[in-house]
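Colleague: Dropping the structure in here first, questions after.
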Amino acid sequence: AVTGADELNLLCCLIAKKSGNCKTVARVKNPDYSAEAPYLKNELGLAMVINPEYAAAEEIARVLRFPSAIKIDTFAKGKVELLKFRLPENSRIVGMSVKEVVTKLHCDILVCTVERDDDAYIANGDFVFAERDVISIIASPRNADNFFRQIDYKIHSVRDAIIAGGGEITHYLCDILSRSGISVKIIEKDGATCSELCVQWPDAAVINGDASDQSLLLEEGLVNAGAFVALTNIDEENILLSLFAKSVNKGKVVTKINRIDFDDVIKHLDLDSTIYPKNITSDMILRYVRAMKNTIGSNVETLYNIIKGKVEAAEFIVKENSPVTDKPLCELEFKNDVLVAAILRGKNVIIPRGHDTIEPGDAVVIVSKLMALHDISDILK
């Protein structure tokens, strides 16, 4: 149940559970209800409670911690990160192949995908980087830091952020950023919402004004802000505000977009990071449904669209009887456009090379153009 009304979603799930005895998933976005999510889940027998606004706030906070990235997804409870970033012009790795980057820079990372114009590639060792490529890498947080330092990429987390709009995502984002020590300034039109934000977040600076007023943004320090986050309810306003922020500010710019039907147009704009709460919701539901399937050798734990509709990353927990175990990776016959991106064994993160093996109990991250892998054995020919 993913209507705009939390109460309706909870009621629908309760009726479905009582009459059909099926698994129920409810979208709940109100901060008051969200705080009671575990209680609601138990009392109403929900299989899952989804809060797209909170998930969007978490994604924004991850990107602000590591502003070099366009997008960050996490696997194995944060031990492994999949970071997407755009290669700047004059980068030292432009013209280098993937294997040259790994050997010359001595970085324990794995290059997963490259987007160039409208094409998507799963990178092999001979793939050569070009300016403006959008690259996804998998690494532990520490190794990712090391890699970005090696390629002279800015990696300092932001210290302050200006947020346009005071809705639910802003509420959750203030909570996360205040715990991270990032100072927040919110610009919101509605006086009552401003009052609520002041009471809830006394450390945040709340400005009662119109964020689309360029002179107000400049007056409030946009030029020197570490980040600008456009979270109004109007997509067009968020896009224009973000483009203006990029024209006057060298910091991180994050844009929330609700409508997904203009995705192809938006990706050709010179925006920085874009957040789609609807995509986050659908990804969470898809991940749950895929994880429900009883499979032979593994089960899906985490699932992300790296390149929408083209490439996905799935985390599998490998079972005893899986056909991918007990052989070095170089001896397994993989289908085309499949990459074993990371192996997590206990507390250790292994960026796999040909001699590594997959063992029962491992968490394995697979990057693939084969959408809808249900079992890890699906990667084999």
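The values are calculated or read from the model by the stated rules, or taken from the named source; none is laboratory data. All of these numbers come straight from a predicted model, not from anything done at the bench. Virtual Cβ from ideal backbone geometry, glycine too; neighbours counted across all protein chains shown. Surface areas here come from the heavy atoms of the whole protein model, side chains and all, with no ligands, DNA or RNA. Shrake-Rupley method; radii C 1.70, N 1.55, O 1.52, S 1.80 Å.
Colleague: Please identify which residues in region 160-195 have an amide N closer than 19 Å to a label point set 7 Å out from the Cα of Ala35, following the Cα→Cβ vector.
Modeller: So the set is 167-180, 193-195.
Colleague: Hey, if you put +1 on the Cβ of every Lys and Arg and -1 on every Asp and Glu Cβ in region 1-100, which of Tyr54, Ala16, Ser91 ends up farthest toward the positive end of that dipole?
Modeller: The listed residue farthest towards the positive side: Ser91.
Colleague: Taking a label point 7 Å from the Cα of Glu100 along the Cα→Cβ vector, which residues of region 141-182 have an amide N closer than 18 Å to it?
Modeller: Counting backbone N atoms under 18 Å from the label point, the list is 150-152.
Colleague: With an 8 Å Cα cut-off and a minimum separation of 6 or more residues, compute the relative contact order for the chain in percent.
Modeller: In percent, rounded to a whole number, it is 12.
Colleague: Rolling a 1.4 angstrom probe over the protein heavy atoms, how many square angstrom per residue are accessible across region 116-172? Walk me through the numbers before you get to the answer.
Modeller: Working: 2710 Å² over 57 residues.
Value for region 116-172: 48 Å² per residue.
Colleague: For the chain, return all DSSP H helices satisfying: extent of Cα atoms along own axis at least 15 Å; mean Kyte-Doolittle hydropathy at least 0.0. Intermediate results must be reported in sequence, preceding the final value.
Modeller: On the way: long enough: 6-20 (21 Å, 0.47); 52-65 (20 Å, -0.19); 168-180 (19 Å, 0.06); 235-248 (20 Å, 0.37); 277-292 (23 Å, -0.11).
Going by DSSP H runs, the hits are 6-20, 168-180, 235-248.
Colleague: With N set to the number of residues, divide the alpha-carbon radius of gyration of region 38-161 by 2.2 N^0.38 Å and report two decimals.
Modeller: 1.26
Colleague: What is the set of long-range amide H partners of Val311 at a cut-off below 5 Å, with H atoms built 1.01 Å from backbone N?
Modeller: Hits under the 5 Å cutoff: Ile306.
Colleague: Pick out which of Ser136, Ser180, Ser157 has the largest mean-square fluctuation in a Gaussian network model of the chain, springs linking Cα atoms closer than 10 Å.
Modeller: Fluctuation is largest for Ser180.
Colleague: What is the ratio of the Cα radius of gyration of region 198-354 to 2.2 N^0.38 Å, with N the residue count, to two decimals?
Modeller: Working: Rg = 21.9 Å, N = 157, 2.2 N^0.38 = 15.0 Å.
This ratio for region 198-354 stands at 1.46.
Colleague: 5 Å is the cut-off here: which amide hydrogens, built 1.01 Å from N in the peptide plane, fall below it relative to Thr302, excluding neighbours closer than 5 in sequence?
Modeller: Glu315
Colleague: A follow-up question, please. Can you send over the carbon and sulfur percentage of the accessible area for the chain, probe radius 1.4 Å, protein chains only? Walk me through the intermediate numbers first.
Modeller: Working: 9010 of 17980 Å².
That share works out to 50 percent.
Colleague: Farthest toward the dipole's positive end in the chain, which of Ala211, Ala35, Ala120, given Cβ charges of +1 (Lys, Arg) and -1 (Asp, Glu) about the Cα centre?
Modeller: Looking along the dipole axis, the top candidate is Ala120.
Colleague: I would also like to ask the following. Using label points projected 7 Å from each Cα along Cα→Cβ, tell me how many nm separate Val248 and Val265, to one decimal.
Modeller: Rounded to a tenth, the inter-label distance reads 2.6 nm.
Colleague: Can I ask one more? Which residue fluctuates most in the GNM of the chain (Cα springs below 10 Å): Asp235, Asp270, Asp32?
Modeller: With Cα springs under 10 Å in the chain, the top fluctuation among Asp235, Asp270, Asp32 is at Asp32.
Colleague: Still on this structure, I have one more. Taking every alpha carbon pair in region 1-93, what does the distance histogram look like in 10 angstrom bins from 0, in percent?
Modeller: 15, 33, 24, 17, 7, 3, 0
Colleague: Give me the orientation-averaged projected area of the Cα convex hull of region 104-239, in nm², one decimal. Don't skip to the end; give the middle numbers.
Modeller: Working: hull surface 42.9 nm².
Across all orientations, region 104-239 yields a mean hull projection of 10.7 nm².
Colleague: Let me ask something else. Largest first and in whole Å, give the semi-axes of the chain's equivalent ellipsoid, each being the square root of 5 times a Cα gyration tensor eigenvalue. Walk me through the numbers before you get to the answer.
Modeller: On the way: eigenvalues 248, 170, 56 Å².
Three semi-axes, in Å: 35, 29, 17.
Colleague: Hey, another quick one. Would you kindly state how much longer the chain becomes between Asp203 and Ile15 on full extension, computed as 0.36 nm times their sequence separation minus their alpha carbon distance, in nm to one decimal?
Modeller: Value of the extension gain: 63.4 nm.
Colleague: Relative to the present Cα-Cα distance, how much length would full extension add between Leu216 and Lys381 at 0.36 nm per residue of separation? Working shown, then result.
Modeller: Details: separation 165, 0.36 × 165 = 59.40 nm, distance 5.95 nm.
Between Leu216 and Lys381, full extension yields 53.5 nm more.
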